[in-house]
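All of the numbers you see were taken from the coordinates with simple rules; none came from a lab. Small disclaimer: the values here were computed from a predicted structure and weren't measured. All Cβ positions, glycine included, derive from the backbone under ideal geometry; neighbour counts span all protein chains shown.
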Amino acid sequence: ILLDIMMPSLSGIETCSKIRDIVSCPIIFVTAKNQTLDKLLGFEIGADDY
């Protein structure tokens with residue numbers, strides 16, 4: 001699954017968390033946000049790659 005952090009209704013972080021509660025599949029963030037804290041949050045919430 002490819003996600004962006006800055007999605008219109010649910011953020012990519014919230015979406016990733018909800019997906020992780022249901023299934024175990026690869027999640028990759030493809031986003032313009034490249035700050036270290038953004039990356040850490042993505043991996044902490046369950047992303048496989050950023």
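Net charge in the neighbourhood of Arg20 (other residues with Cβ under 12 Å of its Cβ; Lys, Arg +1, Asp, Glu -1) is -3. Remark: Glu44, Glu14 ranked as Glu44, Glu14, counting other beta-carbon atoms within 10 Å and listing the fewest first.
Rounded to the nearest whole Hz, the Karplus-based 3J(HN,Hα) values (6.51 cos²θ - 1.76 cosθ + 1.60, θ = phi - 60°) of the stretch 29-40 follow the sequence 8, 10, 8, 7, 6, 10, 5, 4, 5, 4, 5, 4, with x at glycine and proline.
Ranked for footprinting exposure by Cβ neighbours inside 10 Å, fewest first, Asp48, Asp38, Asp21 give Asp21, Asp48, Asp38.
Summarising the label geometry, the points placed 7 Å from Cα in the beta-carbon direction at Gln35 and Ile1 lie 2.5 nm from one another. Only Lys, Arg, Asp and Glu carry charge here, each on its Cβ (+1 for the first two, -1 for the last two); on that basis the stretch 2-45 has a dipole of about 60 debye about its Cα centre.
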